[in-house]
Amino acid sequence: MSDNTPFYVTTPIYYVNDKPHIGHAYTTMLADTLARSHRLLGHDTWFLTGSDEHGQKVQEAAAARGVPAQAHVDEMVLRFQELWERLEITHDDFIRTTDPRHTKVVQDILQDLYDRGEIYQAEYDGLYDVRSETFITEKDLPDGSSLANLPDHVKVIQETNYFFRMSNYQEWLIQYIEDNPEFIQPDFRRNETLGFLRKELSDLCISRPKARLSWGIELPFDPEFVTYVWFDALVNYISAVGYKSDDAQFARRWPVQVHLIGKDILTTHTVYWPTMLKAMGVAMPKTIFAHGWWLSGRDKMSKSTGNVVNPLDYADRFGVDALRYFLIAEMNLGQDASFTEEVFIKRYNSDLANDLGNLTSRVLKMVHTHCDAKVPKGPTALASGSEEAALWTHVQQAVEQMDHQVRSMRPDLGVAAVMTAIREANKYIGARAPWKQAKEDDKQPLYDTLYVALEALRVCSALLYPVMPAKMTALRNQIGAGEALPVVEDLRKYGQLAVGTSLPESEGLFPRHQKPKPAPEAAPKADPKEKAPAAEQVVTLDEIGIDDFFKAKLKTAVVREAEKVEGADKLLKLQLDVGGESRQIVAGIAQHYSPEDVVGKTIVIVSNLKPATIRGIESRGMLLAASKGKQLTLVTVDADEFPSGAKVG
Ligand code: MSP
């Protein structure tokens, strides 16, 4: 049943200076998966992400490049915005801390707290950690250093600053956390915060003198100072949804259902933020959920070690949905998880290429061959005690588990339950042996098997849709469920696929990938039991040899004719002349070029690509184009008289 329950989810706002890495991508994909699940449930969903754009590091980076700070952040933020587009992120809003809608609210809050005596001025004499931009005490110094032997990033400073009376709220906060177990999750993180609160809480320094840092939001009551980055950044969660600017929107969205954060920013979110909200008189978030870290193998990812995983590398090689699937399936939320290419390929091959891919291709091949590519008529009801009923029970368990586990913030277990149902469906196919049933005169048992398997795929593809939106939409289209969003109510009902629906040509969704070659010195002995993977698509390493490059035969081609592909708004069908030979290719450029635009152009194609069938149309080759964000331009050869069919490279 769809209802209007509001669901507001946030990610941390990312430091704009950083190059987006797998940690950023993870939290954002997780939020996206949750948002998509809640949208399917009909909940009034709002998904916020954004960028944290003030502070010392940004000021320094802009100065080093010799550009104004605002111009610097305007450029840097695009890296995040483009990545989110690429990763199919469906945020409803992207807030930047340099947006006037945000800076104004921060200033209003500061003025209000100052007027009410919650903020006061005092001398500060102590240690300052330049790296984390925080004031620290002697206890916080790294091992091996002391007041007499400070590390380079810690300075002794003496300055006037403004402080927020955070200490006033210590007792209240402890009580609130104890009374509301869902407030900080997982439980062990709640205990961590309570542990932190056993020490006396000091007041929070919320200003920085402009003489030291000018790139920040000016204090409305003292223009010599800017706001401390965290006091600025945390406010994004309310400034973006109308706090002090749009009461109706704020009442609709706040309190937030879940702030998703990484474990390293627990204190700022579970101590600073609640006390700030309390002082403002704003309701508490329902849940602050801290997930663990992605490690590179067993090591922390760090720029200096050079082991940071770039999400785009994986999206490019395996597809965005495979990356989304891996991140959601592999991490037990709360714990750290290990990211390696080997684990990635293993899970990809076993879950996606084998279990789901095999089920889909076996069933669809039989439907295309024996049912005239139409959804066959299966049993109208499932006889109790039958193999069909047993499979349906597994599928229904997956529905229940997904619902329960997403609510419990264990989407990995939800996904695992769906994979169990998929494996059961494969077993069912094995037991029913439709290839044998196809040889019988009476075809009804065959139709029954295939229909029930299609129904299992219908439900499983809907359950996996929030994790792999593009692939599951393609799969649902291939099984005759259409391209529309899955309807949650239909998941519990058997027999929703309309008998007689014509199925489009099907393509493999998850080609198998080869395991990466181990480094020579670490090469284990070949395991003779291991089957050779199908050579459909071979993973390339980041660097390739010249021989690899020359495997692709690039040639010039002249576009003779072009037309739109019916029912596919991204595709153009092109007739090419490649050195006298005619060729047809299907290219995803229709949103950038009209047919008239491309006719007559000399383009570059990969001429030795295996033929593929796209939307039922044969495509022999692939054209080259350059793309950035939403822009795309064809690679063309600039010479009127230049012959087609010439070698490029
Ligand atoms: N700007 C602050 C957040 C302000 S929110 C009001 C910030 N930004 S960040 O870009 O450094 O980090 C954003 C998030 O990425 C944090 O939640 C952090 O835990 C997460 N991750 C950074 N590295 C990570 C991994 N290796 N794995 C998983 N998440 C990690 O902090």
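The values are calculated or read from the model by the stated rules, or taken from the named source; none is laboratory data. What you see is a predicted model; the values in this text were computed from it and never measured. Neighbour counts run over all protein chains shown; Cβ positions are idealised from the backbone, glycine included. Protein only, heavy atoms only, side chains kept; ligands, DNA and RNA dropped before computing areas. Shrake-Rupley method; radii C 1.70, N 1.55, O 1.52, S 1.80 Å.
Some observations on this one:
- Against the test of being crowded, with 19+ Cβ neighbours inside 10 Å, more than 20 Å from Glu566 (Cα to Cα) and not hydrophobic (A, V, I, L, M, F, W, C), the options Ser644, Ser619, Ser627 yield a single qualifying residue, Ser644.
- Complete set of residues in the stretch 1-20 that are assigned to a loop (DSSP other than H, G, I, E, B) and near the ligand (Cβ under 8 Å from one of its atoms): Thr11, Pro12, Ile13, Asp18
- Qualifying positions in the stretch 624-649 - within 33 Å of the chain's Cα centre (by Cα), in contact (Cβ under 8 Å) with a residue 60 or more places away in the chain and at negative phi: Leu624, Lys628, Lys630
- Residue in the stretch 444-460 that is among the small types (Gly, Ala, Ser), open to solvent by less than 20 Å² (accessible area, probe 1.4 Å) and modelled with pLDDT of 95 or more present: yes
- Candidate set from the stretch 264-288 (those that are open to solvent by 10 Å² or more (accessible area, probe 1.4 Å) and of a type in the set (A, V, I, L, M, F, W, C)); member that is farthest from the ligand (Cβ to nearest atom): Ala283
- Selection within the stretch 229-263 - away from the ligand (no atom under 16 Å from the Cβ) and touching a Gly at 6+ places or on another chain (Cβ under 9 Å): Ala248, Gln249, Phe250, Ala251, Arg252, Arg253
- The strands (runs of 3 or more DSSP E) falling completely within the stretch 102-187 that include 2 or more residues that are of a type in the set (Gly, Ala, Ser) map to 119-129.
For (1) in contact with a strand residue (DSSP E or B) (Cβ under 7 Å, 6 or more places away or on another chain); (2) aliphatic (A, V, I, L, M), each residue gets a yes or a no:
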residue	(1), (2)
Asp299	no, no
Asn307	yes, no
Asn332	no, no
Gly357	no, no
Ser361	no, no
Val375	no, yes
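- Residue ID - surrounded by the fewest Cβ atoms within 10 Å (Cβ to Cβ), chosen from residues in the stretch 61-89 that are in a loop (DSSP other than H, G, I, E, B) and out of contact with any helix residue (DSSP H, G or I) (no Cβ under 6 Å at 6 or more places or on another chain): Gly66
- Single match in Leu323, Leu356, Leu277 (criterion: under 30 Å from Ala453 (Cα atoms), out of contact with any Cys (no Cβ under 8 Å at 6 or more places or on another chain) and at pLDDT 95 or above): Leu323
- Leu141 in contact with a Pro (Cβ under 8 Å, 6 or more places away or on another chain), touching a residue at least 40 places away in the same chain (Cβ under 8 Å) and surrounded by 15 or more Cβ atoms within 10 Å (Cβ to Cβ): no
- Between Gly50, Gly23, Gly42, the distinction of being farther than 19 Å from Trp230 by Cα and within 9 Å of the ligand (Cβ to nearest atom) belongs to Gly23 only.
- So Glu483, is it charged (D, E, K, R) and buried (at least 17 other Cβ atoms within 10 Å of the Cβ): no
- When the stretch 32-72 is filtered for residues that are under 14 Å from Pro20 (Cα atoms) and β-branched (Val, Ile, Thr), only Thr49 remains.
- The helices (runs of 4 or more DSSP H) found entirely in the stretch 312-418 that carry 2 or more residues being within 27 Å of Tyr494 (Cα to Cα), open to solvent by 40 Å² or more (accessible area, probe 1.4 Å) and touching a residue at least 24 places away in the same chain (Cβ under 8 Å) are 357-370, 387-407.
- Residue match in the stretch 234-253 (condition: over 22 Å from Arg407 (Cβ atoms), crowded, with 18+ Cβ neighbours inside 10 Å and among the polar types (S, T, N, Q)): yes
- Members of the stretch 553-588 found to be open to solvent by 40 Å² or more (accessible area, probe 1.4 Å), assigned to a loop (DSSP other than H, G, I, E, B) and over 15 Å from Gly600 (Cα atoms), listed by number: Lys553, Glu566, Gly567, Asp569, Lys570, Gly588
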